[in-house]
Amino acid sequence: MSSSHTQNPQHSETVEASGHLIDSHIMEQIFDTVVEFNGRFEVEDFHIGRTNSDPSRLRMRIEAPRREDLDRMVAQLLGFGCTPVDHDDVTLERVERDCCAPLDFYSTTNHKTQVRYEGEWMDVGNQRMDAMVVISGGAAVCRRLRDLKAGDMVVTGMRGIRVLPESKERDRHSFSFMSNGISSERQVETAVRQTAALIRATREAGLKVVVVAGPVVVHTGGVKALSELIRGGYVNALLAGNALGVHDMEAALLGTSLGVRQTDGRQEEHGHRNHMRAINAIYHAGGIAKAVETGRLTSGVMYEAVKAKIPFVLAGSLRDDGPLPDTITDMNAAQDAYAENLKGAGLVLCCGSMLHSIATGNMLPSWVKIVCVDINPAVATKVSDRGTGQAVGVVTDVGLFLDLLARNLCHE
């Protein structure tokens, strides 16, 4: 099997890939990439996996008329799991100055990655996208640009690198029920049931369930359900921004959210100041934990997180009011806190926050599942478009989704 010929191809490379290449539509992306870069391919060997555990294997020769086209093609194919068969060791260059990578540094994806060093393939630790690979003490690890130190040995170029994309799962809980077209209640209930099954499977595997939540959880009436999920032990960490904490505690202390009464949906007189009154009350108490300890705060998502002793992170932004004393206003420190609490995660449930969902997705390896719940279908699309290909969307009201999820998990 081969593609159409280009004129006088002069430069070639042989690459190999394995996995569920057909089910995951990876093979067609490989072929399309070769054509896109003005090249041609010739399949030298192809084995079709016949069982769930039997991967397909592809070996093909690729050609391009110019060396630069071939190099760009190989770089693109690397992300689809195609590895040159020459098996050279990686090329390393020393960092000369803190936070300054060599010009030809290899930029990581969120897929499992291996590098060949001293003739042996080794897994890269702390996998995440948009990082460098540093080899130190015989181990390879992803490191962010801002964390590079003079003397670090950084992987450069594309040789000696193997990327292993996540394959479409044939026999586990399928995400096929989730799509941007979800609109009917029956489909939402199906999405909830399968999300609940994923949460149970994650817990049984000894992995963490992390919730990323925006203030829309409060505005749509999802506080009771999310509180119930926290009490039931179904949430192991809570990642959010200042706004979730503010409006959650505004509702708990004053009965309003953005000045709107939670009981009847009417605007409270002078309610526009209630979020500031809530922030002020927490400052007077000495922080969220102190407000719980002293009895000033007796309900809400933040109250339940403190009582359950699950870690939470409130990341600040330029538009924050206050912010709360617990909000981390240093963006680097907030990123670090998010990343720390995502360690050991098996499932991340993102509820109504585009900014924090995208940020979280950027920190995760591709084998951690993400369920993105939002009334706006563009949110899940944007999360996926920014490199988090494992993100799947449930398009529905966040409060409704959380209510159905709590009923499914907490009332078994």
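The values are calculated or read from the model by the stated rules, or taken from the named source; none is laboratory data. Because the structure is a prediction, the values reported are computed rather than measured. Positions of Cβ are backbone-derived with ideal geometry, glycine not excepted, and every protein chain shown enters the neighbour counts.
Some points to look at:
- Test: residue in segment 294-308 that is in contact with an Asp or Glu (Cβ under 9 Å, 6 or more places away or on another chain), touching a residue at least 40 places away in the same chain (Cβ under 8 Å), farther than 26 Å from L409 by Cβ and surrounded by 23 or more Cβ atoms within 10 Å (Cβ to Cβ): no
- Out of M60, M73, sole residue that is buried (at least 18 other Cβ atoms within 10 Å of the Cβ), part of a helix (DSSP H, G or I) and either in contact with a Phe, Trp or Tyr (Cβ under 6 Å, 6 or more places away or on another chain) or modelled with pLDDT of 90 or more (or both): M73
- Residues in segment 324-352 that are under 20 Å from A406 (Cβ atoms) and out of contact with any strand residue (DSSP E or B) (no Cβ under 6 Å at 6 or more places or on another chain): G346 only.
- Checking each residue in segment 116-145 for being part of a strand (DSSP E or B) and either under 23 Å from the mean Cα position of the chain (by Cα) or among the basic types (K, R) (or both) picks out R116, D123, V124, G125, M132, V133, V134, A140, V141, C142, R143.
- Flag for D104 being over 14 Å from A140 (Cβ atoms), outside the structural domain of I30 (by TED's automatic domain parsing) and either surrounded by fewer than 20 Cβ atoms within 10 Å (Cβ to Cβ) or touching a strand residue (DSSP E or B) at 6+ places or on another chain (Cβ under 8 Å) (or both): yes
- Selection count where residues are among the aliphatic types (A, V, I, L, M), assigned to a strand (DSSP E or B) and buried (at least 24 other Cβ atoms within 10 Å of the Cβ), scope segment 225-258: 3
- Candidate set from segment 189-224 (those that are more than 22 Å from the chain's Cα centre (by Cα) and either buried (at least 23 other Cβ atoms within 10 Å of the Cβ) or β-branched (V, I, T) (or both)); member that is nearest to I310 (Cα to Cα): V223
- Filtering segment 295-333 to residues that are under 19 Å from S357 (Cα atoms) and either small (G, A, S) or part of a strand (DSSP E or B) (or both) leaves F312, V313, L314, A315, G316, S317, I328, A333.
- Within segment 71-80, not a single residue is over 28 Å from the mean Cα position of the chain (by Cα), over 23 Å from G119 (Cα atoms) and among the acidic types (D, E).
- Selection of segment 334-368 for residues being part of a helix (DSSP H, G or I) and more than 17 Å from A131 (Cβ to Cβ) yields A334, A337, N341, M354, L355, H356, S357.
- Hits in segment 373-391 - residues which are touching a strand residue (DSSP E or B) at 6+ places or on another chain (Cβ under 9 Å) and either at pLDDT 90 or above or within 25 Å of T220 (Cβ to Cβ) (or both): V373, D374, I375, N376, P377, V379, A380, T381, V383, S384, T388, A391
- Filter result (in a helix (DSSP H, G or I) and among the basic types (K, R)) within segment 260-294: R273, R277, K290
- Some residue of segment 363-372 being out of contact with any Leu (no Cβ under 8 Å at 6 or more places or on another chain) and modelled with pLDDT of 95 or more: no
- Condition met for G138 (closer than 27 Å to A359 by Cβ and either assigned by TED's automatic domain parsing to the domain that holds R57 or not β-branched (V, I, T) (or both)): no
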